[in-house]
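These notes are about the structure you will find just below.
The values are calculated or read from the model by the stated rules, or taken from the named source; none is laboratory data. Small disclaimer: the values here were computed from a predicted structure and weren't measured. Methodologically, a virtual Cβ is constructed for each residue, glycine included, from the backbone with ideal geometry; neighbour enumeration extends over all protein chains shown. These accessible areas exclude ligands, DNA and RNA; they are computed on the full protein's heavy atoms, side chains included. Shrake-Rupley method; radii C 1.70, N 1.55, O 1.52, S 1.80 Å.
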Amino acid sequence: MPYVDRQNRICGFLDIEENENSGKFLRRYFILDTKEDSLVWYMDNPQNLPSGSPPVGAIKLTYISKVSDATKLRPKAEFCFVMNAGMRKYFLQANDQQDLVEWVNVLNKATKITVPKADSLSQNDNSNRPAENVGIKKQMSYRTDIVGGVPIITPTQKEDVNDGEGDKNYLKQSQSHPYYSAKHPPDNAVIKAGYCVKQGAVMKNWKRRYFQLDENTIGYFKSELDKEPLRIIPLKEVHKVQECKQSDIMMRDNLFEIVTTSRTFYVQADSPEDMHSWIKAISGAIVAQRGPGRSAASVCFKMNYILL
């Protein structure tokens, strides 16, 4: 779901057909910034990328004329909608129907153009041009191409492959896969699975991992393609799971913590809804394992996210 971040921008993951009519949708992290009059998308949340990483693509909001449901245009693409920008159509896929509706609404609202009065048009035209030029000068690593009569801003520098980030190869492998599929059914039934970003224990860096919750454990993998987890956290060792109070210090949205006897795991979800869903799922699994009589007394567990 799109959410508002700390800079008052609307953010979230979508799949986009970057090459027109290719039929190939790639997973990207979108940022809608009405103050900068731009919609930009990255390989991942910029917080999880090397500092200074350029976006994969960008469009000025003033170039977008209409955003609408594209189910009839792309019947094989589930939850698909289209952005009309001049002669180019950008097809995108949302996570579900509600996600589609919300993205269409926020994009249409952001791209509404107020036509100035005729007597003030000449004055506003002169005052706006310097501001637009300043915005372009700041992005020295981009170039502007005219595609189908629409200016498209693209980065001119290549991705840094020597930055030591272990998840770079994973992003290339899984960028077209949804973040909510489970590829590794274990002996125990999977309760919830999906990608989150966790902080490392030693280097304190943040990496995207595939989490899987079952009746007895929380495991995380380098990717959904791996068969062996990087680590397994037994639910019997978890004292509590809750929204992280240190999120203001770490400056990360949608952050929650899993507190165990030996360590506190800091995990960032892709949206507020996903964060609360993980907290609720883990909390429910622990209560089911320990029983309602023991959960509150012996574990001091917070049940704010369990449905009554």
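Worth pointing out:
- Given a 1.4 Å probe and the protein chains as shown, Ser51 ends up with an accessible area of around 130 Å².
- Between Ala189 and Gln7, the simple label model (points 7 Å from Cα in the Cβ direction) yields a spacing of 4.4 nm.
- For the pair Ile232 and Arg263, the difference between a 0.36 nm per residue extended length and the Cα-Cα distance amounts to 9.9 nm.
- In nm, spacing of pseudo-spin labels at Asn19 and Asn108 (7 Å Cα→C-beta vector): 3.2
- Area accessible to solvent at Leu61, 1.4 Å probe radius, in Å²: 0
- Each label was represented as a point 7 Å from its Cα along the Cα-to-Cβ direction; for Gln98 and Gln47 these points are 2.2 nm apart.
- Förster-model FRET efficiency, 30 Å R0, Met203 and Glu273, C-beta, rounded to 0.05: 0.55
- Accessible area (Å², 1.4 Å probe, nearest 10) - Leu107: 0
- Segment 197-272 and segment 50-103 have Cα centres separated by 31 Å.
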